[in-house]
């Protein structure tokens, strides 16, 4: 059997492959049916999946996408197998959700737990390593909340979805600045003359000159001037 000749002018192959033109009508019907099935599935999965995804919800959505994607475009694939997969995913998700409501350990195993990444203006480095989050990522999220330094914070929690929750302190004190180094003008404007912060964990001590001892929490030896909140 001679191989089929390849041609750049074969627009039929380029646009719809080996299927006939009439398959486009079937694609339109499949797309409508797929849309209805996904909307129905999301309705049965509940509002928990429709909100910000945890790893479990993300896995559910990826499974649905994988089940629907191929039959949507392949004429030799029927729509019944993805429908069965969708029903199994819905049943599994609802079962796990019900168990999560009644058993805290199941909920933690499936969705993850809330983690305290900043405690009284100091980074919890062991939590950062556990979540594989960089200090720069945390600082970027905090800057979006109009935070200038860690001394303004009482608690910062990492939620199971990956978002952060911020609890401001009632009595702000000098802390590690989170302003990017490229903005030296602002860093100098908020720099404290009486406090220094550990550049690693943010532990702040009162001193008019750079401390020579190691940080008592993380044992780092690099210090920078702490920051004070810049008034509007």
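Give segment 150-183 a look and list any residue that's touching a strand residue (DSSP E or B) at 6+ places or on another chain (Cβ under 8 Å), part of a loop (DSSP other than H, G, I, E, B) and in contact (Cβ under 8 Å) with a residue 24 or more places away in the chain, or say none. 159, 169, 173, 174, 176, 178, 179 - these are the residues of segment 150-183 that are touching a strand residue (DSSP E or B) at 6+ places or on another chain (Cβ under 8 Å), part of a loop (DSSP other than H, G, I, E, B) and in contact (Cβ under 8 Å) with a residue 24 or more places away in the chain. With respect to (1) touching a residue at least 12 places away in the same chain (Cβ under 8 Å); (2) surrounded by fewer than 19 Cβ atoms within 10 Å (Cβ to Cβ); (3) within 23 Å of residue 115 (Cβ to Cβ), the lone exception for residue 137 is condition (1).
Residues in segment 105-148 that are assigned to a loop (DSSP other than H, G, I, E, B) and out of contact with any helix residue (DSSP H, G or I) (no Cβ under 7 Å at 6 or more places or on another chain): 113, 114, 120, 124, 132, 133, 134, 144, 145, 146, 147.
Can you work out which of the residues in segment 210-229 that are closer than 13 Å to residue 150 by Cα and touching a residue at least 60 places away in the same chain (Cβ under 8 Å) is surrounded by the most Cβ atoms within 10 Å (Cβ to Cβ)? Checking each candidate, the answer is 226.
Here's the yes/no breakdown for (1) at pLDDT below 75; (2) surrounded by 13 or more Cβ atoms within 10 Å (Cβ to Cβ); (3) out of contact with any strand residue (DSSP E or B) (no Cβ under 7 Å at 6 or more places or on another chain); (4) over 30 Å from residue 175 (Cα atoms):
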{"residue": "67", "(1), (2), (3), (4)": "yes, yes, yes, yes"}
{"residue": "83", "(1), (2), (3), (4)": "no, yes, yes, yes"}
{"residue": "88", "(1), (2), (3), (4)": "no, no, yes, yes"}
{"residue": "92", "(1), (2), (3), (4)": "no, no, yes, yes"}
{"residue": "99", "(1), (2), (3), (4)": "no, yes, yes, yes"}
{"residue": "103", "(1), (2), (3), (4)": "no, no, yes, yes"}
{"residue": "125", "(1), (2), (3), (4)": "no, yes, yes, no"}
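Among the residues of segment 218-232, those that are more than 20 Å from residue 184 (Cβ to Cβ) and either at pLDDT 95 or above or touching a strand residue (DSSP E or B) at 6+ places or on another chain (Cβ under 7 Å) (or both) comprise 218, 220. When residues in segment 184-209 are screened for being surrounded by 11 or more Cβ atoms within 10 Å (Cβ to Cβ), assigned to a loop (DSSP other than H, G, I, E, B) and free of Cβ contacts under 8 Å to residues at least 60 places away in the same chain, 2 of them pass. Determine whether segment 23-42 contains at least one residue that is out of contact with any helix residue (DSSP H, G or I) (no Cβ under 7 Å at 6 or more places or on another chain), under 24 Å from residue 111 (Cα atoms) and either at pLDDT 70 or above or surrounded by 14 or more Cβ atoms within 10 Å (Cβ to Cβ) (or both). Checked against the condition, which is being out of contact with any helix residue (DSSP H, G or I) (no Cβ under 7 Å at 6 or more places or on another chain), under 24 Å from residue 111 (Cα atoms) and either at pLDDT 70 or above or surrounded by 14 or more Cβ atoms within 10 Å (Cβ to Cβ) (or both), segment 23-42 yields at least one hit.
The values are calculated or read from the model by the stated rules, or taken from the named source; none is laboratory data. The model shown is predicted, which means the values in this text are computed figures rather than measured ones. Note: ideal-geometry Cβ built from the backbone for every residue, glycine included; neighbour counts use all protein chains shown.
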